[in-house]
Amino acid sequence: MKIKNRETAYDGYFKIYKLTVEQEGQTFTREQFYRGDAVAALIYDTQKQEYILAKQFRVGPEEELIEVVAGMIDKGETPEQSIAREIEEETGYHVDKLEHLHTFYSSPGGTTEKVVLYFAEVSNQHTQGGGNDHENEHIELVHLTASELSQLQTPDAKTIIAQQWVRLKKQVKV
């Protein structure tokens, strides 16, 4: 498969490209949702011995979700810098320790978004968190024990991956 041409089909809050693709002598078009790269982290408060997740309204499913803290990698930032910034903005904690878990595409059939997922240990909340007003974020923190995290029912893929990591690495029973 070879990309022969790329045109901007939409340039708003998100970007959509129209691609002309050639494969085995056939030429066809596909739309590509350009999303940029994202970071996410399952946060563990080592003092309270609980996990911290974010509850917020998400436009995609048009409902509130409980999910791991996440955000976009800003230009000029490393993934580590981005997730430390997101954790501070959304939860009010500084990161004590960061461990890379996985890097994956959220939906490779049509979007460019790659997610870098971490496990973050924190111990001292210095501000309230809740997100950035200028980004229209209204984030409620959700504190869960290991058992509660294991029982959490969520449609969010990055959170499911984090739950599975806890089950495998931390040996939490379902």
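Please note which strands (runs of 3 or more DSSP E) are completely contained in region 19-107 and include at least 2 residues that are free of Cβ contacts under 8 Å to residues at least 40 places away in the same chain and exposed (fewer than 14 other Cβ atoms within 10 Å of the Cβ). Outline the logic, then answer.
Details: elements: 26-34, 37-45, 50-58, 63-67, 69-72, 93-105.
In region 19-107, 26-34, 63-67, 93-105 are the strands (runs of 3 or more DSSP E) which contain 2 or more residues that are free of Cβ contacts under 8 Å to residues at least 40 places away in the same chain and exposed (fewer than 14 other Cβ atoms within 10 Å of the Cβ).
Counting only residues that are touching a strand residue (DSSP E or B) at 6+ places or on another chain (Cβ under 7 Å) and farther than 21 Å from residue 57 by Cα, which one in region 125-145 is modelled with the lowest pLDDT?
Among residues in region 125-145 that are touching a strand residue (DSSP E or B) at 6+ places or on another chain (Cβ under 7 Å) and farther than 21 Å from residue 57 by Cα, the one modelled with the lowest pLDDT is 126.
Is it the case that some residue within region 20-37 is farther than 27 Å from residue 143 by Cβ, of a type in the set (Lys, Arg) and touching a Leu at 6+ places or on another chain (Cβ under 7 Å)?
Step one: filter region 20-37 for residues farther than 27 Å from residue 143 by Cβ, giving 20-37.
Those still in the list that are of a type in the set (Lys, Arg) too: 30, 35.
When the remaining residues are screened for being touching a Leu at 6+ places or on another chain (Cβ under 7 Å), the result is 30.
Yes, there is a match, as at least one residue in region 20-37 is farther than 27 Å from residue 143 by Cβ, of a type in the set (Lys, Arg) and touching a Leu at 6+ places or on another chain (Cβ under 7 Å).
Here is a list of conditions, (1) small (Gly, Ala, Ser); (2) surrounded by 16 or more Cβ atoms within 10 Å (Cβ to Cβ); (3) more than 17 Å from the chain's Cα centre (by Cα), and residue 12 meets all of them except one; can you say which number that is?
The number of the failed condition is (2).
The values are calculated or read from the model by the stated rules, or taken from the named source; none is laboratory data. Everything numeric in this text was worked out from a predicted model, so none of it was measured. Counting neighbours? That spans all protein chains shown, and the Cβs are built from the backbone with ideal geometry, glycine included.
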